[in-house]
Every structure is written in structure tokens, then in C-alpha cells.
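Report on the structure given below.
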């Protein structure tokens with residue numbers, strides 16, 4: 001069974017930020033079960049919340065992970081999870097995420113939630129996964145969230161500076177026909193848990209399209 005990508009946002013009680021961060025990292029470090037692979041944890045600047053990204057190998061155990069690993073941490077106010085079943089992960093870029101653990105040269109990063117016009121969803125998605133190469137910005141992934149009420153598509157971007165990410169969204173993402181609205185959230189404080197083989201598995205699970213436009217066979 002192919003793994004599912006999960007993005008879990010953690011709402012934190014005011015004043016409990018460091019307590020939750022330390023407790024969460026401790027729990028994730030002990031999470032060695034075969035049913036889930038934590039990839040990384042971020043701090044979301046605008047919301048002062050945490051985000052956990054992981055591969056879920058057994059969806060029947062996902063609730064146990066939320067209850068026993070995340071929601072038991074003192075100071076957690078609530079959780080919201082997005083399950084991702086389809087999309088594109090750019091393998092060469094996602095491997096660079098492991099360098100975000102470095103305090104010397106972390107790149108600016110952001111999540112972009114995209115609302116698409118019903119009836120033009122496929123066209124908007126196809127345009128996003130074929131965005132041209134940019135000198136200062138790399139696209140980590142473009143994934144589908146059509147089952148969510150928060151957004152229809154989600155991008156993760158890496159760049160040399162935050163201003164470059166904002167400009168990229170304004171010039172390249174928001175001008176795509178079928179894109180109705182976007183919301184950008186800056187990502188800080190990377191804590192990488194995944195190993196090289198985990199990121200390779202992520203890229204294989206969500207492969208890039210071939211030049212002919214077809215997805216490789218699984």
C-alpha cells in the first residue's frame with residue numbers, strides 16, 4: 001500500500017510555545033513505529049503554531065498517532081490534519097530540505113494555499129506543476145487538497161529570501177488562469193526527522209510528470 005502524506009497543524013495555548021515544541025520533538029523522536037514516518041516539524045511565523053509533516057503507511061493507525069504522540073503534549077490546544085493522496089514532489093528540491101536543519105545556511109521557505117475556480121481545477125493544477133525554473137525560488141511540491149475546506153492546492157517554496165517568495169507568488173502563481181486566491185505562510189525553525197531514504201520514498205510516491213505529460217507508472 002502506498003503511503004499517504006499528512007500535514008498536521010498544531011494550535012498552541014498562548015505562553016506554552018516552548019513547552020509544546022520540546023514535548024512534541026521528544027515524542028516524535030521516540031516515534032519508531034512502522035505505520036508512520038515523521039519527516040519534519042516547522043514553526044509557522046504568522047500563527048505561532050507548529051506543523052508536522054509525515055508519511056502515513058497505515059491510515060487505520062493515524063488517529064492513534066494524533067492522540068498518543070501529538071495531542072498528549074501539554075499546551076496543545078487542538079490539531080487539524082490534511083491528508084494528501086495526489087500531487088507532485090520535485091525530488092531534487094525535496095532532498096535539499098535536509099539542509100534546512102543547518103543554522104548556517106537555511107533558505108527562506110513558505111507554504112502557499114491556493115483556491116482554484118471550480119471547473120478549472122485541472123487546468124490550474126497542471127499549470128502549477130509546470131511552473132518554469134526560477135533563479136531564486138524552487139518549488140518543493142504541488143499537492144491536491146480538494147477534500148479540504150481550507151484550500152484546493154498547496155505549494156511549498158524555497159528561496160534565497162522571503163521577498164523572492166512573495167514576488168514569485170504574485171508573478172507566477174496568482175496570474176495562472178483558474179487561481180482564485182492564495183495565502184502565503186512563512187516557515188521557520190526546521191527540525192528534520194526524515195532520513196535520505198524517506199525523502200526518496202516521498203518523491204517516488206508523488207512523481208514528477210514526464211515530458212509527455214503522463215505520470216510514471218507506480
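What the table shows:
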quantity	calculated
Order of 54, 31 under a 10 Å beta carbon neighbour criterion, fewest first	31, 54
Computed label-point distance, nm, for sites residue 68 and residue 170 using a 7 Å Cα→Cβ extension	4.8 nm
Order of 126, 9 under a 10 Å beta carbon neighbour criterion, fewest first	126, 9
Sites residue 17 and residue 123 - FRET efficiency at Förster radius 41 Å, r taken between beta-carbons, to 0.05	0.50
Mean residue ellipticity (222 nm) of the chain, computed from DSSP H runs ≥ 4 via -39,500 (n - 2.57), nearest 500	-6000 deg cm²/dmol
With Cα atoms, 0 to 90° folded angle of helix 196-205 axis to the chain main axis	50 degrees
Whole-angstrom gap from region 55-69 to region 135-150, using each part's C-alpha centre	23 Å
Average Cα contact separation per residue, region 87-188, under 8 Å, 6 or more apart, as relative contact order %	41 percent
Highest-fluctuation residue, 200, 187, 129 considered, GNM on the chain with Cα pairs under 10 Å	200
Inter-probe distance in nm under a simple model that places probes 7 Å from Cα toward Cβ, at residue 25 and residue 93	2.7 nm
Relative exposure of 95, 1, judged by other C-beta atoms within 10 Å (fewest first)	1, 95
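The numbers here are math on the coordinates, done by the rules we state, and not lab data. These figures come from a predicted structure and were not determined experimentally. Backbone-built Cβ (ideal geometry, glycine too); neighbour counts: all protein chains shown.
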